[in-house]
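Encoded as structure tokens, the structure appears first; notes follow it.
The values are calculated or read from the model by the stated rules, or taken from the named source; none is laboratory data. Computed from a predicted structure; not experimentally measured. Glycine also receives a Cβ, built like all others from the backbone with ideal geometry; neighbour counts cover every protein chain displayed.
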Amino acid sequence: MWDGRFPTLEHQALSPFQRGEMGIGVDEAIRRVNADPAYVHLYRELLGRRPSAADIAHALAAFQRTLISTESRVDRFLATGERLLTRLEYDGFRVFTERAACANCHELFPARRDGRKSRRPLFTDFRFHNLGIGFRSGRFADTGRYELTGDEEDVGAFRTPSLRNAARSAPYMHDGSLPTLEVVVEFYNAGGRPNPNLSPLIRPLFLADHEKAALVAFLYALTEDDPGHHGRQSRR
């Protein structure tokens, strides 16, 4: 969903098969699922029929909706104002929100579709920005949002991801080209990768070593306390 072409998880579920990313197509995936008696039994129990492409998409989307991030120390800090962060992490929060202005795109409490502010920090603006990722030899390997809109201003633009559990989601960027959070911070510190459509929000930051280390520490502090808690909130 990096370029915003899929409105729901169901729409996205089968795309990797259709785009050749899984090594097999949708028809072969359906054949394999139908060749497994356990899957056939489970689908008949639940839906009263053998699995189809639509059923597989619904099942994948249902599972993905259980992958809910729980509370981190940053969540509690933002909710209560208590000093729950280390000195280095708090310095990183200041760099994130002020010096580096990361929160311009990774908004703490972005507006939802109904216009109201999110009640929990999501660290995204749900918008699309060009950072220069994938730009080499005068062209982009993936033109991003442009493939959907046809607007030249969208060439190389991709959705701002949430930073919740960022320390657990390496590698980074839409193409996985940045292996660690330290490398990500260095990329932004350098001002992204210059190209004709680079977002005006991206500029060299000239951060000191302490500021870069603090920013990385803050990003690690976004990690949830209890990763085994996944899925419990979805059953409330």
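Mind listing just one residue for me: the one in region 16-58 that is touching a residue at least 12 places away in the same chain (Cβ under 8 Å) and closer than 30 Å to residue 224 by Cα and, of those, surrounded by the fewest Cβ atoms within 10 Å (Cβ to Cβ)? My answer is 58. Residues in region 69-88 that are surrounded by 14 or more Cβ atoms within 10 Å (Cβ to Cβ) and assigned to a loop (DSSP other than H, G, I, E, B) were compared, and the one that is modelled with the lowest pLDDT is 69. The lone criterion from (1) more than 28 Å from residue 191 (Cα to Cα); (2) in the same structural domain as residue 214 (by TED's automatic domain parsing); (3) part of a helix (DSSP H, G or I) left unmet by residue 93 is number (1).
Considering the conditions (1) at pLDDT 95 or above; (2) under 26 Å from residue 159 (Cα atoms), residue 32 is excluded by exactly one of them, (2). Filtering region 14-35 for residues that are part of a loop (DSSP other than H, G, I, E, B), touching a Phe, Trp or Tyr at 6+ places or on another chain (Cβ under 8 Å) and over 30 Å from residue 208 (Cβ atoms) leaves a non-empty set. Summed over region 96-122, residues that are within 23 Å of residue 188 (Cα to Cα) and not in a helix (DSSP H, G or I) total 10. All conditions but one from (1) modelled with pLDDT under 95; (2) within 30 Å of residue 70 (Cα to Cα) apply to residue 171; the one that does not is (1). Residues in region 49-68 that are part of a loop (DSSP other than H, G, I, E, B), over 21 Å from residue 37 (Cβ atoms) and not charged (D, E, K, R): 66, 67, 68.
Listed by position, the helices (runs of 4 or more DSSP H) inside region 127-236 whose residues that are more than 26 Å from residue 91 (Cα to Cα) number at least 2 are 146-149.
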